[in-house]
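The values are calculated or read from the model by the stated rules, or taken from the named source; none is laboratory data. Remember, predicted model here, so these are calculated numbers, not experimental data. Cβ atoms come from the backbone with ideal geometry, glycine included; neighbour counts cover every protein chain shown.
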Amino acid sequence: MGRRTLVPAPAVRAAARVLAPVHRPLVVAAVLLAAAAMDGWLFLVHGAVPALLTALDEPLPLLGVFGLVVASLVFHEFGHASACRYAGATPGRIGCALYLAWPSLYTDVTDVYRAGRAGRLRTDLGGVYFNVVFMLGLVGLYGATGWNFLLAAVYLGHFEIFEQLMPAARLDGYYILADVAGVPDLYGQIGPVLRGLLPRRRKAHGAAGAAALTRGARTLIGLWALVLVPLVVTDLGYSLWNLPRIAATATRSLTAQYAASGSGVRVRHATQAAHRRPVPHAPPVARGPSPAPREVPAPRPARVARHTPHPKTPTASPHRPAGRPAPRVSASVSGAPAPGASPSASGAPSPSRSATASPGPSPTGRGSGTPSAGS
């Protein structure tokens, strides 16, 4: 795949000029001490894996972690460019290309070969050094905000550093080892060095290539070849150890998101179908103005029942002329007739009979003035 330019050379040189002081020895020492404190707190006190699992449970924090990982890769390349500038060389562009099966970023630091071995090693380690600076910034941001996905990005940043330092592929670790050995092409020297370890009758095939290397270079390349396999096995074993938890969390999160999206689609389809299909027996909805409220008539007063007296029983008028006392009516209990009673009533009194008195004329001028006994 062809290479593509992400940051042109003039912009890279300007940024490298600004970032070059970060490679001063005192600054490097302070950053390394802070990184040691950060790792002690993250892995021994707080815990890094719970933050990663929390980020995997929700889609937005997972996107944030992905964005931070990409940002750390770009910042990594500026570490190479600034270290090249600090060594006295001129960095080139920053681009991307497909390396093996993965897209990768690169920085053109070919001019650093004019510097000494120390400058080349500083340039090789500049990317990993800037990864550490980036992680320290994320931890500081976590202390200000408390966002867990920042710690998840810090945890993954350690894997990025470990991957870069592995000399298996042509990454930072490969170039560090090549500059230490003084051999630009390590893979091209593996065969001659390993054949030099065989018995004398098999040495002839690789004697010419191995003779061009110093004893120290041959020893270093041999150790590299013997250490490469255990490093790959360790990396693979650690990844497989945490793979079940990470895979289970990712599967649960994807299942929950799929179920939520499926229920949302079903609700949307049901809503659309309900809008298209008329509701049966639905009364028409009035679109005009609201009718005025009906006036409720006031309750009528209760009718008072009036008693009409019996025509044969005169009643006393409640209206009495002023100064005229009411007549006294008495009944004898012993059987004697009351004064003014009828002689025919001198017998035993009947319990069903009563005596009433009329006090005199009524206000209308009508009425009887004498007491009478009703039959």
Any residue in the stretch 3-17 that's assigned by TED's automatic domain parsing to the domain that holds Thr107: show its pairings with residues that are among the polar types (S, T, N, Q) and at pLDDT 95 or above at Cβ separation under 6 Å, as long as the two are six or more apart or on different chains. Ala16/Ser82
Hey, does the stretch 31-47 have a residue that's under 25 Å from Leu254 (Cβ atoms), among the aliphatic types (A, V, I, L, M), part of a helix (DSSP H, G or I) and in the same structural domain as Leu138 (by TED's automatic domain parsing)? no
Please pick out the residue among Gly47, Gly40 that is at positive phi and either over 19 Å from the mean Cα position of the chain (by Cα) or among the polar types (S, T, N, Q) (or both). Gly47
Scanning the stretch 108-140 residue by residue, the ones that are more than 17 Å from Glu160 (Cα to Cα) and surrounded by 14 or more Cβ atoms within 10 Å (Cβ to Cβ) total 10
Residues (closer than 15 Å to Met135 by Cα and surrounded by 17 or more Cβ atoms within 10 Å (Cβ to Cβ)) located in the stretch 53-69: Gly64, Val65, Leu68
Could you grab me the full set of residues in the stretch 104-123 that are part of a helix (DSSP H, G or I) and out of contact with any His (no Cβ under 8 Å at 6 or more places or on another chain)? Thr110, Asp111, Val112, Tyr113, Arg114, Arg117, Ala118, Gly119, Arg120, Leu121
Output for Cβ contacts, cut-off 8 Å, separation at least six or different chains, first residue in contact (Cβ under 8 Å) with a residue 40 or more places away in the chain and under 12 Å from Leu156 (Cβ atoms) in the stretch 54-72, second assigned to a helix (DSSP H, G or I) and β-branched (Val, Ile, Thr), reads Ala55/Val65; Leu56/Ile246; Leu56/Thr249
